[in-house]
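The values are calculated or read from the model by the stated rules, or taken from the named source; none is laboratory data. Not measured: the values here are computed from a predicted model. So basically every Cβ, Gly included, is an ideal-geometry build from the backbone, and we count neighbours across all protein chains shown.
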Amino acid sequence: MKGNFNRAAFILPEKENHNMKKLFLRSLPVALLGAMMMTGTAQAVDPEDAIEYRQGVFKAFSWNFGPMAGMAQGEIPFNEEMFLERADQLARLADMPWQGFTEGSDLGETDAMMEVWEDQETWEQKIADFEEEVSRMTALIDEGADEMQLRRQAGEIGQSCKACHDSFRAD
Ligand code: HEC
């Protein structure tokens, strides 16, 4: 069986090939396996991927928050169904960008300022402020708050976006 390994792996269909791979990994010396896993980790935090990831989530923030802000400011008519849908989606995204600010992703095609990495305490505070305003919105919706309350809270969320951008985003 072992002697035929290479040939078997080559000929076997995808799924069995995968099983063979697992078998193969299990028999690897631990140190070599560790080295392979570390390579995997390094690839997982490719700075360019991290930058693209967080910018993508921020774009999704805008998609959802844009109409909410427009309604808050009276630029577009209040549409409750849309407001609630976007608020719900924003709440689901709210904690997602931050893991994209990995070590080493301060350089590249990014508008993030060095302060993100140099002043972690303030950074964490701005994240907490933002997430709190988003949670407050969810609570208001659950309580059946009226249009004015919802629009006012959208204003508070917008302020927390801006407060972070003022300190941590170059534009
Ligand atoms: C805790 C800080 C923080 C909060 C809160 C925050 N942002 Fe940002 N945002 C950033 C940083 C930093 C960048 C720059 C990211 C980069 O270029 O790597 C950014 C970038 C963006 C971008 C540009 C993305 C691109 O295409 O490059 C948009 C749009 C955006 N934010 C929208 C929002 C909106 C809308 C909110 C609130 C609903 C918000 N952000 C809340 C820190 C924050």
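Please determine whether any residue of the range 119-129 is exposed (fewer than 14 other Cβ atoms within 10 Å of the Cβ), among the acidic types (Asp, Glu) and outside any helix (DSSP H, G or I). The answer is no, given that none of the residues of the range 119-129 is exposed (fewer than 14 other Cβ atoms within 10 Å of the Cβ), among the acidic types (Asp, Glu) and outside any helix (DSSP H, G or I).
When you check Glu143 against the structure, is it without any contact (Cβ under 8 Å) to a residue 40 or more places away in the chain, more than 21 Å from the chain's Cα centre (by Cα) and more than 13 Å from the ligand (Cβ to nearest atom), yes or no?
Here the answer is yes, as Glu143 does meet what is asked.
For beta carbons closer than 8 Å, sequence separation of 6+ or different chains, a first residue in the range 124-135 that is assigned by TED's automatic domain parsing to the domain that holds Leu150 and among the charged types (D, E, K, R) and a second that is modelled with pLDDT under 95 and surrounded by fewer than 19 Cβ atoms within 10 Å (Cβ to Cβ), there are no qualifying pairs. Scanning for something small (Gly, Ala, Ser), farther than 18 Å from Gly56 by Cα and touching an Asp or Glu at 6+ places or on another chain (Cβ under 7 Å), does the range 148-160 turn up at least one residue? Within the range 148-160, one or more residues are small (Gly, Ala, Ser), farther than 18 Å from Gly56 by Cα and touching an Asp or Glu at 6+ places or on another chain (Cβ under 7 Å). Would you please name the residue that is nearest to Val57 (Cα to Cα), looking only at residues in the range 113-133 that are near the ligand (Cβ under 8 Å from one of its atoms) and among the β-branched types (Val, Ile, Thr)? Per the criteria, the residue is Ile127. For the range 54-109, residues that are in a loop (DSSP other than H, G, I, E, B), under 17 Å from Arg152 (Cβ atoms) and within 12 Å of the ligand (Cβ to nearest atom) total 0.
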